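Notes to accompany the following structure.
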Amino acid sequence: MAATADVCDVNPQLIISGELRALQPIFQIYGRRQVFSGPVVTLKVFEDNVLIRGFLEERGNGRVLVVDGGGSLRCAILGGNPVQQAQNNGWAGIVVNGCIRDVDEINGCDIGVRALASHPMKANKKGIGERHVPITIAGTRISDGEWLYADTDGILISRTELSV
């Protein structure tokens, strides 16, 4: 994968048209895979992790789960066990607009994880949320099937797969 900065430099027309967008730089980097990309699967939850676990139990096939957790800093909606399962099931990465926990365990996994922060408290288990819906996180609207590119410079969303 080309560096996100290089992708931006060679695609000014896609940026102007809105086909290529950068997320605001609000996410911390976790997991061993600092560079990852793949087609997006969206999920919207609030302080509840049942649907997240359900997705990560599926085959990932190189996809990236993007979770709008409402930006909550009151509990973690992703922990070490589901991240290990995501790694084993072939997910490329997980981006969480919320908190994670079990950071040492997550940092040992060969998967890319981005989140706002870590928090020791666990989430609710009610199973409430919306799958495959457009979400807006970090100033950017993201839809199922778009492509996410992440590295240490930031996160890009593209309407289509980029060949750079």
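Values as computed for the structure displayed
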quantity	calculated
Heavy-atom SASA rank of Phe27, Phe46 (probe 1.4 Å, accessible area, largest first)	Phe46, Phe27
Candidate aspartates and glutamates - alpha carbon under 20 Å from Lys44, same-chain residues fewer than 8 apart omitted	Glu57, Glu58, Asp68, Glu130, Asp144, Glu146
Positive minus negative residues near Arg114 (Lys, Arg vs Asp, Glu; Cβ under 14 Å)	-1
Per-peptide average of other Cβ atoms within 10 Å, ordering 138-150, 85-97, 4-16 highest first	85-97, 138-150, 4-16
Span from the the range 1-34 Cα centroid across to the the range 129-164 one, whole angstrom	9 Å
Of all accessible heavy-atom area on the range 4-158, the percent that carbon and sulfur account for (1.4 Å)	47 percent
1.4 Å probe accessible area per residue over the chain, in Å²	46 Å²
DSSP-defined beta bridges in the range 4-158 - what % are antiparallel, rounded to 5	50 percent
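The values are calculated or read from the model by the stated rules, or taken from the named source; none is laboratory data. As the structure is a prediction and not an experimental result, all values here were calculated from the model. We place every Cβ from the backbone using ideal geometry, glycine too, and count neighbours over all the protein chains shown. With ligands, DNA and RNA removed, areas are computed over all heavy atoms of the protein, side chains included. Shrake-Rupley method; radii C 1.70, N 1.55, O 1.52, S 1.80 Å.
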